[in-house]
1. How far is it, in nm, from the label point at ARG198 to the one at VAL27 when both lie 7 Å from their Cα along the line to the Cβ?
2. So how far apart, in nm, are the two label points at THR211 and ALA165 if each is 7 Å from Cα heading toward Cβ?
3. Output the DSSP H helices from the chain with an along-axis C-alpha extent of no less than 18 Å and a mean Kyte-Doolittle hydropathy no less than 1.0.
4. Out of the chymotrypsin sites (Phe, Trp or Tyr not before Pro) in segment 144-244, which ones are loop residues according to DSSP with at most 11 other C-beta atoms within 10 Å?
5. Give me the percent of Cα-Cα pairs in the chain that sit more than 39 Å apart, rounded to a whole number.
6. Would you mind telling me which residue in GLY90, GLY200, GLY129 has the biggest mean-square fluctuation in a Gaussian network model of the chain, where springs connect alpha carbons within a distance under 10 angstrom?
7. Based on alpha-carbon centroids, what's the gap between segment 160-180 and segment 17-56 in Å, whole number please?
8. Given springs between every Cα pair under 10 Å in a Gaussian network model of the chain, which of GLN316, GLN81, GLN290 has the largest fluctuation?
Amino acid sequence: MSKSLAGAAVTQTVKVRRSTRSSYVGVAVFAIAIAALAIGPFAFLTKGNQQNLVTLFTYIILGTMWNLLAGYGGMVSIGQQAFIGIGAYGIVYAADNLGVGPIIAVPIAMVISGAIAYLVSFLAFRLSGGYFAIGTWVIAEVIKLVTTQITALGAGSGISLTAFAGAKPEIRIATVYWMALASVVVAVLVTYLLIRSRLGAGFTALRDDPTAAATLGVHVTRSKRVIWVAAAMGCGLAGALLAANTLRVQPDSVYSVQLTAAMIFIVVIGGIGTIEGPIVGAIVYFALEQYLSDLGAWYLVILGSVAIIMVLFLPQGLWGLLSGKGRIQLFPTGYRLISGPPIAEGSKES
């Protein structure tokens, strides 16, 4: 039996969807991976493996934060190491001086990073473009110099985290590992939900054209400040995890611009402006670091060459290649229009 549409008005229906089949598969895969990693210390992960994975989780957080800042907010900063250092010193001060447990000290370090970022924003947002990028670097150096003058933070010689003193090494390493695993899940999910929100739509408009975004009702300064503070808190979280993993904070290492360079590299090779890109980029960067860091200066040459090749031939990053230029989305942030069946009005069966 068929229907004749001749002479009938036909209305084409469409469906608006966010989730896709690939996103459902992605959620299932990530849930299984997280569950497996959670039981890793009991089953198959050695202490060395756990410490290495903490480093990888930290890289994912850092890449996600810089992607939020530049990929979605359009703010290219090369001074995010300031908040990494604040987070590292924050967990030491909170755990050792205030006497709170390391697990509680981590969110305290995040809050400290966010509070300082909020204050710094009133200065940094007076700059734009290249001036903003260089200005954030200068601000990071100033924060580093101020830190080295504080005796309670070890001045220029650094300071050790002693909150884990007395704990067995395997318990300490496993505790830090689980904190890092929980932190990376929270960082990615919060970023994803933030970009999916109504506020996230304003971020995209802000990145593309701040003036046009303002005319459409987007509060430019407020939106930029939300992104700036959120990214700073994420960097502070990463800094706290680095300190907990190494038990030592040195100003020259936690305030090193190489950390921001690593963040940029992770986002560039993974794919800027996507949730999945920094995850892929962090895995690649971690692998290169593990296998090539013994090469000395050649390691940096290889990293630079990889970055140049990606920018020239794969500007959308590895995730752009793996996803078929966006056809596969594990973390969909936009809407998709799907054609539905046509509706014929007044049609007759024949």
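1. Result for the modelled spin labels: 2.3 nm.
2. 6.0
3. Values: long enough: 21-38 (26 Å, 1.73); 47-66 (29 Å, 0.31); 102-124 (32 Å, 2.17); 129-147 (28 Å, 1.27); 169-196 (40 Å, 1.54); 220-246 (39 Å, 0.92); 257-270 (20 Å, 2.40); 276-292 (24 Å, 0.94); 297-313 (24 Å, 2.49).
Correct list, ordered by number: 21-38, 102-124, 129-147, 169-196, 257-270, 297-313.
4. none
5. Tail of the P(r) past 39 Å holds 21 percent of the pairs.
6. Largest GNM mean-square fluctuation: GLY129.
7. For segment 160-180 versus segment 17-56, the Cα centre distance is 21 Å.
8. It is GLN290.
Since every read-out is calculated from the coordinates, none of them should be taken as a lab result. All values derive from a computational prediction rather than experimental measurement. Counting neighbours? That spans all protein chains shown, and the Cβs are built from the backbone with ideal geometry, glycine included.
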